[in-house]
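Down below is the structure, laid out as structure tokens.
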Amino acid sequence: MLSAKIIINNEFKISDTDPRLFGGFIEHMGRSIYEGIYEPTHPQADKNGFRQDVLTLIKQLNIPIIRYPGGNFLSGYNWLDGVGPKESRPKRLDLAWQAMETNQIGTNEFIEWCKLAGTSPMMAVNLGTGDSDSARNLVEYCNHPGGTYWSDLRQEHGFKKPHQIKVWCLGNEMDGPWQIEAKTATEYGRKACETAKLMKLVDPSIELVACGSSNRDMPTLGEWEAEVLDHTFDYVDYISIHVYYGNPDDDTPLFLSRPDDMDAYIKEIIAVSDYVACKKKSSKKIMLSFDEWNVWYHSNESDKQLENWQCPKPVLEDVYTMEDALVVGGMLITLLNNSDRVKIGCLAQMVNVIAPIMTRKGGPAWTQTIFHPFLHVSNFGRGQVLQQVVDSPRYDSSEKKSVPYLCSACVANEDKKELTVFAVNRSLQEPMRLNVDLSSFKDYQVMAYQTMHHTDLKAQNTELTPDNVQPFSGENAEIRGDQLTADLPPASWNMIRLIRK
Ligand code: AHR
């Protein structure tokens, strides 16, 4: 049995969690919207065509913010195509995903859906084919109370009150050669700056996210953020950061170490952001919006066989495994442990497209393996993230050396008198005896211990076996004196909730 130790102190905090850390992402692509959240002919559809079975599952995830409408789709999108009478909306080629877009869902419908889902929109403006004029008009359409051309148009479309959208993304992954009208840092930085200026002139209360690099392998990583922030520093509040991991070579020890890469990536982007602040002699802290993160690789090959220009074109339908859930759990732990600078996180995506929730047209909705760690952290990871001193045995993976077997985060919630420990045991063979020093948390008792593991790391949840991989109550968590002790099974996700007596 491995043995690991966590020392925490209730006075030593990283940060309060911003609830928006537990956000999501819905893009016009694949079966995310059409046959995902919206299917008017489905037996469970409401009067607006929204699937209520999907809404029930979304609500369980307790997601405070959802990014929309893309993604790569965004860079060719004209928001005017998606407002007004549905019968007059144009069908367009979606060049990003080589699909067809019917525009039956647009800005107003998405906002209606957000209300039903108990979440709020994080809107994005097109800075590929789109311009600053279109962006500022959309802000006026959504947020201005009335009495102007664009706000009156919203009212004509049936929405008297403004939508009051707070957070806006300035384009998507604009450094990526795959992006419609990709840009150099100079081109994007200038365009984002001028667009941001106009958007904030329309509504000074909004917050803006500038595009960071598309991923950590981009050749201009670091330089891109430095130049983009140099241009946009005064107008933006966040820089975006995206990451997807996969296990194409079936190297599970390496795959399980990926949350540590994510941690290093976050620290790099913080460093570049602070470098720009230093150059500008400013005390302003640019925060990180981790607005795309997940595991994504299972569907890469099969997607190449799909026929183009379908609506919907069922791309990126990854079926997740037990080991994927461990990586997603580890990535959530990484977000928590960086909550002083990462204020927004968006699991990409929500339904059918690299998603925790799957649906069949005319059939049921079910939850994938990754649904469960997200539900745990989103519901029970809110509060004050604590600093930890961790003593864990380590392993060498094929690429990354000295990886701690234990990946963990501890969150105290003063109001609820709770302390929650999230932990992944990354050993594939050995259980781990975990000790947590509770010297500064007197009179706590174990309220619940949920663990998730499976004899088969490749086990999945499918329509026919939706509960194959799911959490269950663990037995071996107890408090003796000042120590919480728990035995974590090999390759397991764990959540131990304590409450003050
Ligand atoms: O989430 C899928 C895609 O991944 C998004 O459209 C894009 O922004 C990223 O490359």
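Some values worked out for this structure:
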read-out	value
Condition check for residue 451: part of a loop (DSSP other than H, G, I, E, B) and under 30 Å from residue 355 (Cα atoms)	no
Residue match in region 296-313 (condition: in contact (Cβ under 8 Å) with a residue 60 or more places away in the chain, surrounded by 19 or more Cβ atoms within 10 Å (Cβ to Cβ) and among the aromatic types (Phe, Trp, Tyr))	no
Among residues of region 430-467, those that are under 21 Å from residue 6 (Cα atoms) and not hydrophobic (A, V, I, L, M, F, W, C), counted	14
Which numbered condition residue 475 misses (of (1) assigned to a loop (DSSP other than H, G, I, E, B); (2) modelled with pLDDT of 95 or more; (3) acidic (Asp, Glu))	(2)
So residue 197, is it assigned to a loop (DSSP other than H, G, I, E, B), at pLDDT 95 or above and more than 20 Å from residue 290 (Cβ to Cβ)	no
Which listed residue, of 303, 324, 291, is of a type in the set (Asp, Glu), outside any helix (DSSP H, G or I) and within 16 Å of the ligand (Cβ to nearest atom)	291
Lone qualifier among 66, 6, 14 - being in contact (Cβ under 8 Å) with a residue 24 or more places away in the chain and within 16 Å of the ligand (Cβ to nearest atom)	66
Qualifying residue in region 218-234 (condition: in a loop (DSSP other than H, G, I, E, B) and closer than 28 Å to residue 201 by Cα)	yes
Filter pass, residue 72 being on the phi < 0 side of the Ramachandran plot and within 13 Å of the ligand (Cβ to nearest atom)	yes
Residue identified as of a type in the set (Asp, Glu), in a loop (DSSP other than H, G, I, E, B) and modelled with pLDDT of 95 or more among 487, 467	467
Yes/no for residue 446 being part of a strand (DSSP E or B), more than 20 Å from residue 331 (Cα to Cα), in contact with a strand residue (DSSP E or B) (Cβ under 6 Å, 6 or more places away or on another chain) and among the hydrophobic types (A, V, I, L, M, F, W, C)	yes
Candidate set from region 215-227 (those that are touching a residue at least 40 places away in the same chain (Cβ under 8 Å) and either out of contact with any Asp or Glu (no Cβ under 9 Å at 6 or more places or on another chain) or within 13 Å of residue 266 (Cα to Cα) (or both)); member that is nearest to the ligand (Cβ to nearest atom)	216
Residue in region 235-249 that is farthest from the ligand (Cβ to nearest atom), counting only those that are in a loop (DSSP other than H, G, I, E, B) and closer than 30 Å to residue 302 by Cα	249
Meets criteria (away from the ligand (no atom under 16 Å from the Cβ) and either surrounded by fewer than 16 Cβ atoms within 10 Å (Cβ to Cβ) or part of a helix (DSSP H, G or I) (or both)) for residue 208	no
Answer from 411, 469 - the residue that is hydrophobic (A, V, I, L, M, F, W, C) and closer than 22 Å to residue 335 by Cα	411
Per-region count, region 26-60, residues under 12 Å from residue 349 (Cβ atoms) and away from the ligand (no atom under 16 Å from the Cβ)	1
Scope region 211-231; condition under 24 Å from the mean Cα position of the chain (by Cα) and either surrounded by 18 or more Cβ atoms within 10 Å (Cβ to Cβ) or on the phi > 0 side of the Ramachandran plot (or both); matching residues	211, 212, 213, 214, 221, 222, 224, 225, 228, 229
Enumerated strands (runs of 3 or more DSSP E) restricted to region 338-439, each holding at least 3 residues that are away from the ligand (no atom under 16 Å from the Cβ)	365-367, 384-386, 389-391, 406-413, 418-425, 432-437
Residues (in contact with a strand residue (DSSP E or B) (Cβ under 8 Å, 6 or more places away or on another chain), of a type in the set (A, V, I, L, M, F, W, C) and without any contact (Cβ under 8 Å) to a residue 40 or more places away in the chain) located in region 449-484	472, 477
Filtered residues of region 153-180 (kept if of a type in the set (Asp, Glu) and either under 24 Å from the mean Cα position of the chain (by Cα) or within 14 Å of the ligand (Cβ to nearest atom) (or both))	173, 175
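The values are calculated or read from the model by the stated rules, or taken from the named source; none is laboratory data. Please read all numbers here as calculations on a predicted model, not as lab measurements. So basically every Cβ, Gly included, is an ideal-geometry build from the backbone, and we count neighbours across all protein chains shown.
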